[in-house]
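Every number in this text was worked out from the coordinates using simple rules, so none of it is lab data. The model shown is predicted, which means the values in this text are computed figures rather than measured ones. Ideal geometry is used to build each Cβ from the backbone, glycine not excepted, and the neighbour counts take in all protein chains shown.
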Amino acid sequence: MKILYSAIDQTVPGTKGGSVHVAAVAEGLAALGHEVRALVTPGAGDVIRKTCVRWISLPAPLGMPHLRLLRAPAIARLARDFRPDVVIERYHNFGGEAIRAARDVGALAVLEVNAPVIDHPGSTKALADRALLVQPMRRWRERLCALADVIVTPSAAIVPASVPRDRIVQLEWGADTDRFAPGPASAAPFARPAGAKTVAVFAGAFRRWHGAVDLVRAIRRLNERGRRDIGAVLIGDGPELARARAEAGDAAPIIFTGALPHDTMPAALAAADVGVAPFDLAAHAPLALGFYWSPLKLFEYMAAGLPVVAPAVDRIPSLVAHGREGILYDPASDRGLDERLGRAARERAVRDYSWSAHCRALDEAFRRARDRRTP
């Protein structure tokens, strides 16, 4: 099939989860034999080309996703020229430019939803919408969902209840299980903390609800109690980085690397012993709808053979089984346990959370939806 993938608010190549997701899905669908053209904001450097995806530079106007509908005429022209069988659009509150183009050319319309379409309790956006009386933003979002033949999302709870359930495909994100694997394939982009026999790694955007500060506090407290054999490496950048550095102080065995290119992440994770994802759901109001994320870090930790430490909240226990692939807020101090959990995590990542498995499931969903539309 010919697939047009519109993700114009995502930078490819890039270091953020959305950038990795878009690149992996486009490459994965192309690897299945589809002809893929992907519309993105171009990042620094070259895209890792595993296949013949055609990457088309089409950033949101002025770099502002809220203005992305202004790209509708350009995308409509691209769709008329390419005549795709499937159009995928990465959902945004102010999007819809590709979903409408799909209807114009008779293509299967697929909406990729990774953030809530519905409003969370106390949403300022919902209050503003109601102040406009006719609630134009809510109506537009629901219209986009109604136009979609398939909605791909980690959680059906963030999709309007009016959407028929047979149009929703629940899929987790994934990891490149060929590149992320146990054991170092190249030199780590950091030196292990001095004296640390066990190193916990955190990779993320350093937003409040990612909980990086909580990991720093835990390591510092262990340090204060004389446990200097446990250290941490925190990878990434974001608004909480300065606070996390301040919490760490000078003495704790903690390293901050800053943001790293994604192609260095396999070596970075292979140099650690435990992957930590200390999410704080109470710190992010939209998570009142449930843990709708499909955390890239979890799957990459698991693919690298790292036991995962994460909170036992919401649907996280369905992603990481306590005592089998990780520890949900219990310390994994026994080395034999660490190795057993790491092996189990790797096995599940390859089976359930690879990008190739994700793309095979997408392919099957496209074919089922196409069959529903065929008289």
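Below are the figures for this structure:
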quantity: Unit charges at the beta carbon, dipole of the chain: most positive-side option, L341, H284, V86; calculated: V86
quantity: Added length on full extension, which subtracts the Cα-Cα distance from 0.36 nm per residue, A185 to R370; calculated: 62.4 nm
quantity: Length added when fully stretched, L32-A115, from 0.36 nm per residue minus Cα-Cα; calculated: 27.2 nm
quantity: Candidates L78, L296, L328, ranked by Gaussian network fluctuation over the chain, Cα under 10 Å, top entry; calculated: L78
quantity: Global form of segment 198-352, assessed from the alpha-carbon gyration tensor, a/c cut-off 1.5; calculated: rounded
quantity: Net charge of neighbours whose Cβ lies under 14 Å from the Cβ of R103, counting Lys and Arg as +1 and Asp and Glu as -1; calculated: 0
quantity: Exposure proxy order (Cβ contacts within 10 Å, fewest to most) of T177, T257; calculated: T257, T177
quantity: Between segment 264-302 and segment 71-147, the Cα center-to-center distance that results, in Å; calculated: 28 Å
quantity: Difference of contour (0.36 nm per residue) and Cα-Cα distance, D81 to K197; calculated: 36.0 nm
quantity: Neighbourhood charge, 12 Å Cβ-Cβ cut-off, centred on M137 and excluding it, Lys, Arg +1 and Asp, Glu -1; calculated: +3
quantity: Residue order, fewest to most surrounding Cβ atoms within 10 angstrom, among K197, K16; calculated: K197, K16
quantity: Within a Gaussian network of the chain (alpha carbon springs, distance under 10 Å), most fluctuating of A349, A196, A205; calculated: A196
quantity: Point-to-point label distance, E347-R315, nm (Cα→Cβ direction, 7 Å offset); calculated: 2.4 nm
quantity: Virtual spin-label span in nm between Y329 and S57, 7 Å along Cα→Cβ; calculated: 4.8 nm
quantity: Spacing of the two label points (7 Å from each Cα toward its C-beta) at A72 and R225, in nm; calculated: 5.9 nm
quantity: In the chain, lysine pairs closer than 25 Å at Cα, eight or more apart or cross-chain; calculated: 6
quantity: Sites L133 and F94, calculated FRET efficiency, Cβ-Cβ separation with R0 25 Å, nearest 0.05; calculated: 0.80
quantity: Residue-count net charge about A196 - beta-carbon cut-off 13 Å; Lys, Arg +1, Asp, Glu -1; calculated: +2
quantity: R0 of 25 Å, Cβ-Cβ distance A288-R165: FRET efficiency to nearest 0.05; calculated: 0.65
